[in-house]
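The values are calculated or read from the model by the stated rules, or taken from the named source; none is laboratory data. Small disclaimer: the values here were computed from a predicted structure and weren't measured. Using ideal geometry, Cβ is built from the backbone for each residue, glycine included, and neighbour counts are taken over all protein chains shown. Quick note on the areas: whole protein, heavy atoms, side chains included, nothing else; ligands and nucleic acids left out. Shrake-Rupley method; radii C 1.70, N 1.55, O 1.52, S 1.80 Å.
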Amino acid sequence: MSRDDPGMPPAPATPVPEGAGTHPPEGPASGWRLSLGRLGFTLLELLLVLVIIGVLSSMASPSLHRAMEKARVARAIGDIKTIEIELLTFEAGEGTFPLTLASIGRSLLLDPWGNPYRYLPIRGSDSKGKGAMRKDRFLVPINSDFDLYSTGPDGKTASPLTAQPSHDDIIRANDGGYIGEASGY
């Protein structure tokens, strides 16, 4: 026999109090407590969050600095390649390299560290200034056509690449066969 059987008497209805099931029960025995003093975070919780944020940012900061420095070096390399193409185009049209970067409209171009790019024409120029040519560890000039470089983050340089101020320079060497950090040449 089942409850759906017409021969079964219906189950007695239990009275449901008005509003039951719509609100949480109130009172100490109900298990629900109204907490008026716990509306925000405690000072200890806020300090803990600040410490966690500080630790995470101190871990990420060196990585961010390295990535930004690599981006600056990449930009300097790109600028040097662009200027190199413009200088070679000028030389193809005029038969000689310009005396300054102003001749190709690049005298105001600054490297990513705020320093002007350095340029020294070698081929087709007089012997004046050839002592300033960039040199490798054997003191042999690194270019035969022109020198073009950035003084790097420290803004300092010296003619030989082995000198300490030149290590962070971004250079063009081997007549454009190498463009990169002087320390990697």
Discussion item. Between P116, P121, which is under 27 Å from K156 (Cβ atoms), over 21 Å from the mean Cα position of the chain (by Cα), open to solvent by 60 Å² or more (accessible area, probe 1.4 Å) and not acidic (D, E)?
Written reply: P116
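Quick check on region 26-37. Is at least one of its residues within 51 Å of the chain's Cα centre (by Cα), surrounded by 10 or more Cβ atoms within 10 Å (Cβ to Cβ), at pLDDT 55 or above and not hydroxyl-bearing (S, T, Y)?
Keep residues of region 26-37 that are within 51 Å of the chain's Cα centre (by Cα), which gives 34-37.
Okay, now just the ones that are also surrounded by 10 or more Cβ atoms within 10 Å (Cβ to Cβ), so none.
No, region 26-37 has no match at all.
Yes/no matrix, rows are residues, columns are (1) part of a helix (DSSP H, G or I); (2) touching a residue at least 24 places away in the same chain (Cβ under 8 Å); (3) out of contact with any Phe, Trp or Tyr (no Cβ under 9 Å at 6 or more places or on another chain):
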{"residue": "L39", "(1), (2), (3)": "no, no, yes"}
{"residue": "L47", "(1), (2), (3)": "yes, no, yes"}
{"residue": "V51", "(1), (2), (3)": "yes, no, yes"}
{"residue": "S57", "(1), (2), (3)": "yes, no, yes"}
{"residue": "E69", "(1), (2), (3)": "yes, yes, yes"}
{"residue": "V73", "(1), (2), (3)": "yes, yes, yes"}
{"residue": "I77", "(1), (2), (3)": "yes, yes, yes"}
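If I go through region 93-103 residue by residue, how many of them are touching a Phe, Trp or Tyr at 6+ places or on another chain (Cβ under 8 Å), more than 20 Å from T151 (Cβ to Cβ) and either basic (K, R) or open to solvent by less than 60 Å² (accessible area, probe 1.4 Å) (or both)?
Of region 93-103, the ones touching a Phe, Trp or Tyr at 6+ places or on another chain (Cβ under 8 Å) are 97-98, 100-101, 103.
From what's left, more than 20 Å from T151 (Cβ to Cβ): 97-98, 103.
Add one more test, that the residue is either basic (K, R) or open to solvent by less than 60 Å² (accessible area, probe 1.4 Å) (or both), and what stays is 97-98.
Residues meeting the conditions: 2.
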Practice prompt. Take region 128-178 and flag every residue that is β-branched (V, I, T) and open to solvent by 30 Å² or more (accessible area, probe 1.4 Å).
Written response: V140, T157, T162
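Just checking, does region 83-92 include any residue being surrounded by 10 or more Cβ atoms within 10 Å (Cβ to Cβ), aromatic (F, W, Y) and modelled with pLDDT under 95?
Quick first cut of region 83-92, residues surrounded by 10 or more Cβ atoms within 10 Å (Cβ to Cβ) only: 83-91.
Subsequent filtering for residues that are aromatic (F, W, Y) retains 90.
Narrowing further to those that are modelled with pLDDT under 95: none.
No, the conditions are met nowhere in region 83-92.
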